Amino acid sequence: MAQSRREDTSDALRALPSVDRLVGSESLGALADSVGTDTVTHAARQAIDAARSAILAGTADVAPSLESLAEQVAASIDDLLGPRPRRVINAAGVIIHTNLGRAPLSRAAIEAMGNVARGYSDLEYDLGAGERGSRHAHPERLLQFLTGAEAAIVVNNNASAVLLALAAIAGGREVIVSRGEAVEIGGRFRIPDVLRQSGAMLVEVGTTNRTYAADYAEAITENTGALLRVHRSNFLVVGFTNTPDAAEIAEIAHSRGVPLLNDLGSGCMLDTAQFGLVPEPTVRDTLEREGSDIALFSGDKLLGGPQAGIALGRKDLIDKMKGHPLARAVRIDKLDLAALTATLQAYARGAALEEVPVWRMISADVATLDERALRWQEGIGGDGLRVVEAETAVGGGSLPGGTLPTRALAIEQSRANADALAARLRVSGSHPAIVGRIEDDRLLLDPRTVLPEEDDELMAAVRAALQG
Ligand SMILES: *Cc1c(COP(=O)(O)O)cnc(C)c1O
C-alpha cells in the first residue's frame, strides 16, 4: 500500500545518520586523524543539514547513504583546505585578465617576495643609520630614474592612489573632469563616486563624445583644486568625437595655477606601437611631453608587477599625498613592495621585454606561437584539432581594442560539446584548471597567454578532458 508523502518524509529523515555516526564512519576516521575532528564534525553537520533540507523541500525522497554522505564530507574538506586561489592556466588569450589575477610575476619578483616573506627585512629601517627609515625611499629612486619624476609614492592599488591624490591635493575643492571620462572602470570603481569619497566636488565639462580645452578653461574658478584626466581603459569612443590635446589642457591648468592629475590606468613604460598596438604615451611622456603634474597607474596591468598603485610627478604634490592620513590606510604591504621593486629593476636594467611575463607575451612573435600551437596539436593528438589564426587581447582595462595576432589551437566540436569541454577543462580534477575561450562554437586555446613551462601540463589536461 502506498504511503503518504508525510510518512515518506519522516522515514527519510529517520534514515539520516547522526553527526557522531557519520564522523565515526570508517573513511572519515582516517580523515579526522589528518585534519582534526572539529573540521570533520563541522563538515558532517553541514552535509546532514543539507540532506535534511533537501528531504523537507521535496527535492530528495530518500536519505543519502552513509558512504555518499562521507564522500560529500571529504570533498567539502578538500575544498576548504585546498590551495586558494587555485592556480589557473590562462589559455583564454587575454593577457591582463582581471578575473585571473592580472599580471603573472617575473622570477625575480617571486624570489624577492619569498625573501622578505621568510624573515625580517629593512622595510622601514635604515640599516646604515640604525634608525627608522621609509618604505617608499627605494621604489621612489627607481621611479625617478625610470620616468624623470621629481617624487613618487606607492600604495596598495591604483584606485587608492586616485582616492589619495584627490583627497590630498583637491579635498574640499572642485575637480574638473570631462563628461567623456567620468567613467566606471570596472568592479564599481566609478570616477564620480571616488571623487565624492575623497571629499572633492566633481565639475563635469564637455559632453560624452566631445570635450574641448576651452571647456576646462571656462570651468576653472578660485575653488578649483585640480583638473583630472582619466584614461578610457575599457571602452572606445568612436564617430563624432573630440578629445582635446593633452598638452593644451596642461597649458590651461598651469596658466591658472591648477595641478593636472592624470589617471593612466595601465601606465606603460615601453613603446606599445613597436608591437603593432595602439600607441600609448609612456609614463615619462605623460609628465614631460604632456605636462601632467601627477600620473597615477596600476602595478599589475601593463607594468607587469604585483597589485599596487603608483603616483608620481611634482614633489610638492606627492609630499601632500605622503603626509595625508589616508596614506597609512592604503599603504602597500611588504610582499607587494618587494615584487614591485624587483619588477621596476627589470625595467631599469633594460630587461623588461625578456623578464616581465606580460611583456614576453606582448612581444612573442607569431611564428613561435604557431610552432607551440602545432606542438600542442601533436602532443594532444586525435581528430578535430586545428591551428587557426586568432587575436589575443591585451585586456585588463589596458588598451581598449588592443589586440595582437596569434595562432590558437582550435578544438572543433558542436556548441554543446565545446561548452562541456570548456567546463571540464576548468575543473579537471588532478590537472590545473585551464581557461580557454569559445569562438564560433570552437574551443580556442591561445599559447600567447600560456607560460611556456605550462605547455606539458596543458597538453596532459586537454588529453584527459577529451577522453572524459
Ligand atoms: C584599472 C584602472 C583603475 C584601478 O586600478 P587598480 O589598480 O585596479 O585599483 C583606475 N583607473 C583606471 C583608468 C584604470 O584603468
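The values are calculated or read from the model by the stated rules, or taken from the named source; none is laboratory data. Fair warning: this is a prediction, and the values are worked out from it, not measured in the lab. Reconstructed Cβ throughout: ideal geometry from the backbone, glycine too, with neighbour counts over all protein chains shown.
Tabulated results
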quantity	calculated
Residue within segment 347-355 that is surrounded by 21 or more Cβ atoms within 10 Å (Cβ to Cβ) and in contact with a helix residue (DSSP H, G or I) (Cβ under 9 Å, 6 or more places away or on another chain) present	yes
Of all residues in segment 293-302 being farther than 21 Å from residue 94 by Cβ and within 26 Å of the chain's Cα centre (by Cα), the one that is nearest to the ligand (Cβ to nearest atom)	296
Unmet criterion (only one of (1) within 16 Å of the ligand (Cβ to nearest atom); (2) in a helix (DSSP H, G or I)) for residue 305	(2)
Residues being away from the ligand (no atom under 13 Å from the Cβ), under 24 Å from residue 224 (Cβ atoms) and modelled with pLDDT under 95 - total across segment 257-280	0
Search result, residues across segment 145-160 that are within 13 Å of the ligand (Cβ to nearest atom) and surrounded by 24 or more Cβ atoms within 10 Å (Cβ to Cβ)	154, 155, 158
Residue 75 being closer than 17 Å to residue 360 by Cα and either over 14 Å from the mean Cα position of the chain (by Cα) or among the polar types (S, T, N, Q) (or both)	no
Pair list, Cβ under 8 Å, 6 or more apart: segment 225-240 residue of a type in the set (D, E, K, R), other residue modelled with pLDDT of 65 or more and within 11 Å of the ligand (Cβ to nearest atom)	229/181; 229/262; 229/263; 232/181; 232/183
Selection from segment 34-47 of residues that are in a helix (DSSP H, G or I) and free of Cβ contacts under 8 Å to residues at least 24 places away in the same chain	34, 37, 38, 41, 42
In segment 196-230, the residues that are away from the ligand (no atom under 16 Å from the Cβ), in contact with a helix residue (DSSP H, G or I) (Cβ under 6 Å, 6 or more places away or on another chain) and not small (Gly, Ala, Ser)	203, 204, 205, 207, 208, 211, 216
Which listed residue is without any contact (Cβ under 8 Å) to a residue 24 or more places away in the chain and not polar (S, T, N, Q), from 441, 370, 446, 419	419
Breaking point among (1) surrounded by fewer than 16 Cβ atoms within 10 Å (Cβ to Cβ); (2) of a type outside the set (A, V, I, L, M); (3) at pLDDT 95 or above, for residue 381	(3)
Qualifying residue in segment 333-342 (condition: within 20 Å of the chain's Cα centre (by Cα), at negative phi, of a type in the set (D, E, K, R) and surrounded by fewer than 17 Cβ atoms within 10 Å (Cβ to Cβ))	yes
Residue 68 vs. criteria under 39 Å from the mean Cα position of the chain (by Cα) and loosely packed, with under 13 Cβ neighbours inside 10 Å	yes
Residue within segment 100-114 that is surrounded by 20 or more Cβ atoms within 10 Å (Cβ to Cβ), within 13 Å of the ligand (Cβ to nearest atom), more than 30 Å from residue 442 (Cα to Cα) and not polar (S, T, N, Q) present	no
Conditions (1) assigned to a loop (DSSP other than H, G, I, E, B); (2) closer than 15 Å to residue 71 by Cα: number failed by residue 31	(1)
Strands (runs of 3 or more DSSP E) contained in segment 399-464 and holding at least 1 residues at pLDDT 95 or above and closer than 24 Å to residue 82 by Cα	433-435
Total residues in segment 308-322, condition within 16 Å of the ligand (Cβ to nearest atom) and part of a loop (DSSP other than H, G, I, E, B)	1
Residues located in segment 356-397, provided they are hydroxyl-bearing (Ser, Thr, Tyr) and within 15 Å of residue 90 (Cβ to Cβ)	392
Of residues in segment 358-415 being under 11 Å from residue 444 (Cα atoms), in contact with a helix residue (DSSP H, G or I) (Cβ under 8 Å, 6 or more places away or on another chain) and of a type in the set (A, V, I, L, M), the one nearest to the ligand (Cβ to nearest atom)	408
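Results for (1) within 14 Å of the ligand (Cβ to nearest atom); (2) surrounded by 24 or more Cβ atoms within 10 Å (Cβ to Cβ); (3) part of a loop (DSSP other than H, G, I, E, B), shown as yes or no for each residue.
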| position | (1), (2), (3) |
| --- | --- |
| 162 | yes, yes, no |
| 169 | no, yes, no |
| 176 | no, yes, no |
| 180 | yes, no, no |
| 194 | yes, no, no |
